[in-house]
Structure formats: C-alpha cells, structure tokens
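The values are calculated or read from the model by the stated rules, or taken from the named source; none is laboratory data. Please read these numbers as outputs of a predicted model, since none were measured by experiment. Positions of Cβ are backbone-derived with ideal geometry, glycine not excepted, and every protein chain shown enters the neighbour counts. Ligands, DNA and RNA are stripped out before the accessible areas are found, and what is left, the full protein with its side chains, is counted by its heavy atoms. Shrake-Rupley method; radii C 1.70, N 1.55, O 1.52, S 1.80 Å.
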Amino acid sequence: TLTDVRILVTGGAGFIGSNFVHHLVRHTDASVTVLDKLTYAASREALAGLPEDRVQLVVGDIVDATLVEPLVNQHDAVVHYAAESHNDNSLNDPSPFIQTNLIGTFTLLEAVRKAGVRFHHVSTDEVYGDLELDDPKRFTEDTPYTPSSPYSASKAGSDHLVRAWVRSFGVQATISNCSNNYGPWQHIEKFIPRQITEVIDGRRPKLYGSGENVRDWIHTEDHSSAVLRILEQGRIGETYLIGADGEKSNLEVVRMILTLMGRDADDFEHVTDRAGHDLRYAIDSGKLRTELGWTPQYGDFEAGLAQTVAWYQQNEAWWRPKKGATEAAYAAKGQ
Ligand code: NAD
Ligand code: TDX
C-alpha cells in the first residue's frame, strides 16, 4: 500500500472524489491534498471528519496553471476527478465542460509533464457512445470512441490528451473509464438521488422517454477501490474499464426505488426525453479483474440501493437546500 506519499486529488469535494479521499485515508498512509473549485456540485460536508494532519483542502481552479504547477510539484501523484459531470447541464451550456474537462486536463498534464509526477485520469464509459439493447457485446478497452453529448465529448477529448501526453512526452499516466456510480453524496440532479428525493417529497419519479434506457450501476466505494488498485498496480500508459455487472433499465430502477420506499411500483411519470439520449451502456471489466485482481464488493444492487435510499432519508439537511433550484431547472425543460 501507499506509504509516505503525497497525493493530489482534483475534484475531491465532489460525489466520487470525496469517496476516494475517505478510501485513501482508510486504506493507505498517504497524505492527501484536495484541489477543488467548490462548484455547485461540491460539498465540504463530504470531507468532514477526516484527520487534519493527513487531508487538506485547496480551493481553486484546475484551469489556473499558476496555482496548479507549484501544487503538483509538491506531490508524488495526481488523481484527476475534477470535471463538470452532468449531461443535462452540458446540453443547457457546454462552455464550462470545455473549460474544466478539456483545458483543465491540459493544464494538469502540462504540470505533471514538467514535474515528472504520476497521473491517474478518471473518465467515463460514455466516451464509447451507446449500445443496442440486444447487443451481446459490452464496452472493452478496444471499443472505438463515439461520444454523444457535449459532456461525453469533452471527457473523450480529455482521454485523448492523456494518451498523447503519454506517447509524446512519456508522462507516467493511467486512465480508467467507469460505469454509472450511485451512493451517498451524489448531487440530486442525477437520476437515482433525484427520484429518491422526489418520492420523499411526495411527488412521482420522472423517467425520460420510455425508460427503456439501460445504465450499468456501480457503487462509488467499488469505483474507489478500483482506482486505488490501478494507482498502485496499473501499468503505465494503460486504460482499465471499471464496472460491476450492474445493468438495469431506468424503468427497473424507478420501480425498485418506489417499492423500497413503500410506494406503488407504477407510481411514476414519463417526461420529455433527453436530447441525444444514449440507449445503453455496459462494461466488460475483465482486464481489471484478471490483470489486477480487482473485484467489486457491492454485488447486490438492490441492497446498495436500499442503503442509498436510507442515506438520503437521513441526510435531508444536506440536499434540501439544492432541491428547489434543481427541480425548477428541470421543470423549465418539461423534465
Ligand atoms: P461531481 O460533479 O459530483 O464532482 C465534480 C467535482 O469537481 C466538484 O467537487 C467540483 O467542485 C469539482 N470541479 C469542477 N470543476 C472544477 C475546476 N475547474 N477546478 C477544480 N475543481 C472543479 O462529479 P462526480 O460524479 O463525482 O464525477 C467525478 C469524476 O468521475 C468526473 O471526472 C466524471 O467524469 C467521472 N465519472 C463519473 C461517473 C458518475 O457516474 N458520476 C462515472 C464515471 C466517471
Ligand atoms: O430525472 C431523470 N430521469 C431519467 O430518466 C434523470 C436525471 C435521468 N434520467 C435518465 C437519463 C439516463 O438514462 O437516467 C439515466 C441516468 O441519468 P444521469 O444520472 O444523468 O446519468 P448519465 O447521463 O447516465 O451519466 C452518469 O454516468 C456516467 C454521470 O452523470 C456521468 O458523470 C458519468 O460519466
């Protein structure tokens, strides 16, 4: 395990990055610096209770080279989570996605190139576009890139930058592309927490279009253990797909949430579909499992979902202030 190393975690105050910071503190001796701009998606609360002698927060923008370069110099590795992450927002205004996901990644790559620092880039399965519902194949590391949305195109571009910096400049980098995450601290703009909080508020879950779209769900804790494994044992220049065999249609997920929360499983509504809505994502994580011996711990999606429902029921004080504005933005688009 990592001993006496200093790790810079960008986006460490977000949903998945904050889980990784807790994971690092529990499972390694590393000291951690979080670099986070604290956008609408961040929460300081997700970092509460961590040991002050091991974790510090630097509030700043990954696009700012004058901040990033000296900070990168003081660390042994950078794990890069910071991003604009929501597809629907990228359809309303792509501009921050280009800034943060492309220019921000470029800025970090230049800093690690100059400093000779190890880099892990956290990306998404959405770079591979979508699959037909009945396609027997899943995404692998060899699937061609065909991103659909401004969000996924910006993540695809950032992946290409990382590969180019590895090949052209010898940057010591790895990449992971993970499937859809769920768990505590996910912003209520996202599918699962939006529907849980709608049910808490006595309203009906809202399915885009038919609800037949399939996502491949993984608990954030499993994503974190996979990223740590790649950071410790991954081969430089390689890409690893992360997934937990969690394919479910949106309709199935909504029915599960309603049932877990004691409501009629059919008490949902259909709303305006997302423009360019990807039909299905599915990950084959065979390389990560075979080469690095990783296995997910949350095999039972329904049990993980039940824990997540309980977490949102118990942490209303955290999400309540975000709810009104989030729903107003959706309502303006008939969603
Ligand atoms: P999130 O939106 O919850 O968190 C993103 C964090 O990045 C926030 O804390 C935000 O303040 C910070 N940030 C944004 N712009 C910044 C900037 N310019 N400078 C510094 N910090 C900035 O996102 P998430 O869902 O936790 O996703 C984290 C990463 O994982 C992203 O790179 C995303 O593409 C990737 N990913 C997410 C999923 C998923 O299901 N959510 C799946 C696969 C990959
Ligand atoms: O209210 C909703 N109703 C609905 O049917 C919302 C918010 C979403 N949906 C659908 C759209 C998708 O098919 O649910 C599915 C999941 O939607 P999101 O939570 O917005 O996730 P997705 O677009 O699949 O992207 C997520 O996984 C990959 C993350 O947000 C990305 O950051 C990650 O890269």
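Not counting the cut sites, what is the longest span of the chain without GluC sites (Glu not before Pro) that DSSP labels loop and that have at most 11 other Cβ atoms within 10 Å? Maximal segment without exposed cleavage sites: 133-335. Considering only alpha-carbon pairs that sit under 8 angstrom and 6 or more positions apart, the relative contact order computed for the chain is 17 percent.
The spacing between region 125-175 and region 1-36, judged by their C-alpha centroids, is 24 Å. With a simple spin-label model that places each label point 7 Å from the Cα along the Cα-to-Cβ direction, the separation between Arg235 and Asp264 comes to 5.6 nm. Across region 203-214, coupling constants 3J(HN,Hα) worked out from phi with the 6.51/-1.76/1.60 Karplus curve, θ = phi - 60°, read 9, 9, x, 10, 8, 6, x, 6, x, 7, 4, 10 Hz, and Gly and Pro carry x. Given a Förster distance of 51 angstrom, what is the FRET efficiency for Gln335 paired with Asn73, based on the Cβ-Cβ distance and rounded to 0.05? Efficiency, from the Cβ-Cβ distance: 0.70.
Distant-in-sequence amide contacts of Trp217, defined by a placed amide H-H separation under 5 Å and a gap of 5 or more residues or a different chain, comprise Gly246, Glu247, Lys248.
For region 94-182, which whole percent of the accessible surface, found with a 1.4 angstrom probe, sits on carbon and sulfur atoms? Before the final figure, lay out the partial values.
Values: 1910 of 3530 Å².
Solvent-exposed carbon and sulfur of region 94-182 make up 54 percent of the total.
The sum of -39500 (n - 2.57) across all DSSP H runs of n ≥ 4, divided by the residue count of the chain, sets its helix-only mean residue ellipticity at 222 nm to -12000 deg cm²/dmol.
Residue-wise HN-Hα couplings along region 97-102, as the Karplus relation 6.51 cos²θ - 1.76 cosθ + 1.60 with θ = phi - 60° gives them from phi, are 5, 5, 4, 6, 6, 9 Hz; Gly and Pro carry x.
Between Ala83, Ala306, Ala173, the GNM of the chain built on Cα springs shorter than 10 angstrom shows Ala306 fluctuating the most. Calculate I(q)/I(0) for the chain by the Debye formula, one identical point scatterer on each C-alpha and no solvent, and give its log10 at q = 0.06, 0.13, 0.16 Å⁻¹ to two decimals. Results for the chain at q = 0.06, 0.13, 0.16 Å⁻¹ read -0.19, -0.98, -1.53.
In this structure the amide hydrogen of Leu57, modeled in the peptide plane, comes within under 5 Å of the amide hydrogens of Val34, none closer than 5 places in sequence on its chain. Separation of the alpha carbons by more than 24 angstrom is noted, of Lys206/Lys333; Lys190/Lys287; Lys137/Lys190; Lys37/Lys155, for Lys190/Lys287; Lys137/Lys190.
Shape verdict for region 154-288, please, from the Cα gyration tensor: rounded (a/c under 1.5), prolate (a/b greater than b/c) or oblate. Here region 154-288 falls in the prolate category.
Apply the Kirkwood formula to region 111-224: the hydrodynamic radius equals the inverse of the mean of 1/r over all pairs of different alpha-carbon atoms; give it in Å with one decimal.
16.6
Farthest toward the positive end of the dipole of region 1-91, out of Pro51, Val79, Leu35, is the Cα of Pro51, where the dipole comes from beta carbon charges about the Cα centre.
Across region 229-238, rounded Karplus estimates of 3J(HN,Hα) from the backbone phi angles (6.51 cos²θ - 1.76 cosθ + 1.60, θ = phi - 60°) give 4, 5, 4, 7, 10, x, 7, 4, x, 8 Hz, Gly and Pro being marked x. Applying D = kT/(6 pi eta Rh) to region 36-149, where Rh is the Kirkwood radius over alpha-carbon pairs, T corresponds to 10 °C and eta to 1.306 mPa s, the Stokes-Einstein value obtained is 97 µm²/s.
For Val63, the accessible surface of its heavy atoms amounts to roughly 50 Å² (probe 1.4 Å, protein chains only, rounded to the nearest 10). Does region 230-334 come out rounded, prolate or oblate by the C-alpha gyration tensor, with a ≥ b ≥ c the root eigenvalues, rounded set by a/c under 1.5 and, if not, prolate when a/b is larger than b/c and oblate if not? It comes out prolate by the Cα gyration axes. Remark on Thr124: its backbone amide H falls under 5 Å from those of Cys178, a criterion applied only to residues 5 or more positions apart or on other chains, H modelled at 1.01 Å from N. Entry note, region 235-335: relative contact order of 36 percent, from Cα contacts under 8 Å with a spacing of 6+ residues. Computed from the Cβ-Cβ distance with R0 of 35 Å, the FRET efficiency linking Ser168 to Thr3 stands at 0.65.
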